[in-house]
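The values are calculated or read from the model by the stated rules, or taken from the named source; none is laboratory data. Only a predicted model underlies this, so the values are computations on that prediction, with no experimental measurement involved. Cβ sites come from the backbone with ideal geometry, for glycine too, and all protein chains shown count toward neighbours. Accessible surface is based on the protein model in full, side chains and every heavy atom, while ligands, DNA and RNA are left aside. Shrake-Rupley method; radii C 1.70, N 1.55, O 1.52, S 1.80 Å.
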Amino acid sequence: MNQLIHKQENKTELMAQDQLRQYLTFQAGNENLAISILDVKEIIEINTITDVPMTPDYIRGVINLRGNVVPVIDLSARLGRQSSEITKRSCIVLVQVEYKEDAQLLGMLVDAVDEILEIPEANIMPPPDFGADIRTDFIQSMGRVGDEFIILLNINRVLSIKELSQLKQVADYESGNASKEASFSALN
């Protein structure tokens, strides 16, 4: 009986080691990125994105999704790259981001969705350590696929509602100061 239980435990361990995780891969700013398929609610074509004045560059605007207003974040711009140019392959990946006890539906504008990849647990590595001055908190882990690595994003960090609102406040403050400086310069 003990041998049977021991064999069953070994079999469970082997299955856990070989467990595959599924990731949606996409391109944003000429980079191959991915998020867990469990984070993806829907992928939609781009129809109309309504601009929202006085928002940071990475907030592309809002869309009407079955009567609901959904903010759209330009993922490339959010990651410090150039804003995405909308092409035939561009699309919006809808994800749900947790904030406190609420969940907010957000859209990520990406250059193209590639495929769903299954990455074995053994090929998932921790994020690199670049030192204290370089942010890596948005990286959940690195997925090794063949000879390449794909950055597996931590969606709750990349699209953190708290951080997005704080950045908006900073941008508002800086644009207010720039306006005051321009007004002051015009008076002199």
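Shape of the range 2-159 from its Cα gyration tensor (a ≥ b ≥ c, root eigenvalues): rounded if a/c is under 1.5, otherwise prolate when a/b > b/c, or oblate? Prolate is the answer for the range 2-159, as a/c is 1.5 or above and a/b outweighs b/c. Dividing the mean sequence gap of close Cα pairs (under 8 Å, 6+ apart) by how many residues the range 2-159 holds gives a relative contact order of 25 percent. Using R0 = 25 Å, the C-beta based FRET efficiency linking residue 31 and residue 68 works out to 0.25.
Applying the criteria of a DSSP loop state and at most 15 other Cβ atoms within 10 Å to the chymotrypsin sites (Phe, Trp or Tyr not before Pro) of the range 63-144 yields 130.
Modelled label positions at residue 20 and residue 89, each set 7 Å beyond Cα in the direction of Cβ, lie 2.4 nm from each other. Residues in the range 2-159 average 64 Å² of solvent-accessible surface per residue, probe 1.4 Å, ligands and nucleic acids excluded. Roughly to the nearest percent, how much of the accessible area of the range 63-139 is carbon and sulfur, given a 1.4 Å probe? Solvent-exposed carbon and sulfur of the range 63-139 make up 48 percent of the total. Full extension of the segment from residue 41 to residue 105, taken as 0.36 nm per residue of separation minus the current Cα-Cα distance, would add 22.2 nm.
Only Lys, Arg, Asp and Glu carry charge here, each on its Cβ (+1 for the first two, -1 for the last two); on that basis the range 2-159 has a dipole of about 260 debye about its Cα centre.
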